[in-house]
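Chemist: One structure follows; several queries about it will come next.
The values are calculated or read from the model by the stated rules, or taken from the named source; none is laboratory data. All figures in this text were calculated on a predicted structure; none of them were measured in a lab. A quick note on method: Cβ atoms are made from the backbone with ideal geometry, for glycine too, and the neighbour counts reach across all protein chains shown.
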Amino acid sequence: MVYEDAFSRLDEDDDRVFYERDRMVAHLDSVALRTVESLIGRLVTGPKPAILDLMASWDSHIPDSVQPSKVVGLGLNRNELAHNRTLTEFILHDLNRNPELPFDDDTFDAVINTVSVDYMTRPFEVFAEVGRILKRGGLFLVVFSNRFFPRKATRLWRDSKEGARVALVKDFFGSVPVFDSPQDFLSAGKPRPKDDKYAHLGIPSDPIYAVYARKKEP
């Protein structure tokens, strides 16, 4: 059962103010990022897919093997989106203010959300909107790790253990009838790259969790 303030945050100030600061940094280590690219390359199939990068930043982590017809980025920081060379276009849009996505029904072959689901304050509405804009058979891939900005992550996310977060994202998918049963992916325990700033601590590479599902065929 989701409690009343489950999607409250420590910092409830306007997200547009928080994200106006450019953060041209990797939010995961290089080993974890290669895992994300590999996963996207394996799941996003078909010729020249139209892709939406939901809550996008300066890198979409889409491998060269995918070769999309277009990649639309939807996010909050204009400079970060402008520096993202994968994007063919971008839109400034605050999902926590307005979860309605500015696209027609059945527009995209794939929607990717990377290390951002923890900041959604209206995830059930957002997932329903993704179901609307996906084509039949289209993929929604949600990727996350154990790193996030505590100030902006929801209370439910902060209070949940890592494994429980997988179940939580599956619940978001399960609330939208158009999705097939979600599947999950885990990559953990890989060696951290030697040039990483945390390598001296002896901790492994950032874990990668993913939950994904396709929109049901007619």
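Chemist: Restricting attention to region 148-169, which residues are assigned to a loop (DSSP other than H, G, I, E, B) and either in contact with a helix residue (DSSP H, G or I) (Cβ under 9 Å, 6 or more places away or on another chain) or of a type in the set (D, E) (or both)? First the steps, then the outcome.
Modeler: Initially, region 148-169 is screened for residues assigned to a loop (DSSP other than H, G, I, E, B), giving 148-153, 160-161.
The answer is F148, F149, P150, R151, K152, A153, S160.
Chemist: Then there's this: Would you pick out the residues in region 176-192 that are under 11 Å from V211 (Cβ atoms) and outside any loop (DSSP other than H, G, I, E, B)?
Modeler: Matches in region 176-192: F179, Q183, D184, F185, L186.
Chemist: Residues R132, R136: which one is more than 18 Å from the chain's Cα centre (by Cα), closer than 26 Å to P63 by Cα and modelled with pLDDT of 95 or more?
Modeler: Matching residue, one of R132, R136: R136.
Chemist: Consider only pairs whose beta carbons are under 8 Å apart and that are at least six residues apart or on different chains; among these, list those whose first residue lies in region 198-218 and is closer than 17 Å to G131 by Cα and whose second residue is of a type in the set (V, I, T) and part of a strand (DSSP E or B).
Modeler: V211/V142; Y212/V142
Let's see how each residue does on (1) farther than 20 Å from S187 by Cβ; (2) in a strand (DSSP E or B); (3) not aliphatic (A, V, I, L, M):
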| residue | (1), (2), (3) |
| --- | --- |
| E4 | yes, no, yes |
| D13 | yes, no, yes |
| E37 | no, no, yes |
| I40 | no, no, no |
| K48 | yes, no, yes |
| S57 | yes, no, yes |
| L87 | yes, no, no |
| L101 | yes, no, no |
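Chemist: Hey, another quick one. Of the residues A82, A50, which is surrounded by fewer than 22 Cβ atoms within 10 Å (Cβ to Cβ), in contact with a strand residue (DSSP E or B) (Cβ under 8 Å, 6 or more places away or on another chain) and without any contact (Cβ under 8 Å) to a residue 12 or more places away in the chain? Spell out the reasoning first.
Modeler: On the way: A50 fails: without any contact (Cβ under 8 Å) to a residue 12 or more places away in the chain.
Sole residue among the options that is surrounded by fewer than 22 Cβ atoms within 10 Å (Cβ to Cβ), in contact with a strand residue (DSSP E or B) (Cβ under 8 Å, 6 or more places away or on another chain) and without any contact (Cβ under 8 Å) to a residue 12 or more places away in the chain: A82.
Chemist: Specify the residue that is surrounded by the most Cβ atoms within 10 Å (Cβ to Cβ); the eligible residues are those in region 103-120 that are among the hydroxyl-bearing types (S, T, Y) and in contact with a helix residue (DSSP H, G or I) (Cβ under 9 Å, 6 or more places away or on another chain). Give the derivation first.
Modeler: Step one: list which residues in region 103-120 are among the hydroxyl-bearing types (S, T, Y), which gives 107, 114, 116, 119.
This time we only want the ones that are in contact with a helix residue (DSSP H, G or I) (Cβ under 9 Å, 6 or more places away or on another chain), so: 107, 114, 119.
On the way: T107: 17, T114: 26, Y119: 22.
Among residues in region 103-120 that are among the hydroxyl-bearing types (S, T, Y) and in contact with a helix residue (DSSP H, G or I) (Cβ under 9 Å, 6 or more places away or on another chain), the one surrounded by the most Cβ atoms within 10 Å (Cβ to Cβ) is T114.
Chemist: Sticking with this one: Run down F124, F140, F173 and say which single residue is touching a residue at least 40 places away in the same chain (Cβ under 8 Å), in a strand (DSSP E or B) and touching a helix residue (DSSP H, G or I) at 6+ places or on another chain (Cβ under 7 Å). Spell out how you get there, then give the answer.
Modeler: Values: F124 fails: in a strand (DSSP E or B); F173 fails: in a strand (DSSP E or B).
So the residue among F124, F140, F173 that is touching a residue at least 40 places away in the same chain (Cβ under 8 Å), in a strand (DSSP E or B) and touching a helix residue (DSSP H, G or I) at 6+ places or on another chain (Cβ under 7 Å) is F140.
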